[in-house]
Amino acid sequence: MTGKDEITDMLNALSMKQSQLAESLAAGNTQMRSLAKRVWKVQEDERKHIARELHDGVGQLLTALINQVEQTLKEEKDENLQQSLKDSLELARQALNDTRKISRLMRPRILDDLGLVPALKWLRRIMQEQTDLTIELETHIDKELDEETQTLVFRVVQEALTNAIKHAGANHIKIDVASQPSILLVKVTDDGVGMDTNKALGPDGFGLSAMQDRVAAFGGQLMINSAKGKGAEVKMLLMGEH
């Protein structure tokens, strides 16, 4: 064997090892993505369980308490005690409202019962009711999305909305969700103060960094475009079948 043949054999062996390494890395990445998706599925199932416990357990107990206090109030003649009962009744009603709100935000039943678009409309409405800003929603979904992808879209929009409301000082937020057979695009745009994108996607970010990891597990990208004083755009892009 000549020196040239030996070099050729070594290069071929090296090329084969690189191909094997690339295949191993690809398989490892696929396995990690699959594991991450299973972890988030468990988290969503746990959210659903806690939400139902809050709604059906604590919520029913508070409803029973409210009914009992209302009945006692009707029978009580002492004015001082009546006022105390009225105050207790108001606290119980507030606790019931807060419990229902937390339950719905943890895992809205409308997402499981009616799907993504009704759930986004509901989210837009309740988030707008809590603020003075305007939230606009546009959806163009040409194909039915699977359950996990619907949950992903809902969580991305929820996180982006929460971030814009808490930190952006925005007056207007626009949500766009568009889906075609081979692409899914989600954009949440605000006219607020803007953000430091490196910080937002860093370990001390506003929850968007964790969402970026979640999107990556689905083979997608979560990007932020922002400039100081010029608002921000949170965008998610998924390619392929969903």
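The values are calculated or read from the model by the stated rules, or taken from the named source; none is laboratory data. This one's a predicted model, so the numbers in the text were calculated from it and none came from an experiment. Here the Cβ positions follow ideal geometry from the backbone for every residue, glycine too, while neighbour counts run over all protein chains shown.
If you filter the stretch 171-209 down to residues that are touching a helix residue (DSSP H, G or I) at 6+ places or on another chain (Cβ under 7 Å) and small (G, A, S), you find that the one that is modelled with the highest pLDDT is G192.
Taking the condition crowded, with 20+ Cβ neighbours inside 10 Å, closer than 20 Å to L123 by Cα and at pLDDT 90 or above, does Q158 pass? Here the answer is no, as Q158 does not meet what is asked. Of all residues in the stretch 170-197, those being polar (S, T, N, Q), within 20 Å of the chain's Cα centre (by Cα) and outside any strand (DSSP E or B) number 1. Scanning the stretch 98-135 for residues that are part of a helix (DSSP H, G or I) and of a type in the set (G, A, S) gives S103, A119. All of D112, D132 fail the test of being surrounded by fewer than 16 Cβ atoms within 10 Å (Cβ to Cβ), touching a residue at least 40 places away in the same chain (Cβ under 8 Å) and acidic (D, E), apart from D112.
Within the stretch 19-39, identify whether any single residue is aliphatic (A, V, I, L, M), exposed (fewer than 14 other Cβ atoms within 10 Å of the Cβ) and at pLDDT 70 or above, and answer yes or no. Within the stretch 19-39, one or more residues are aliphatic (A, V, I, L, M), exposed (fewer than 14 other Cβ atoms within 10 Å of the Cβ) and at pLDDT 70 or above.
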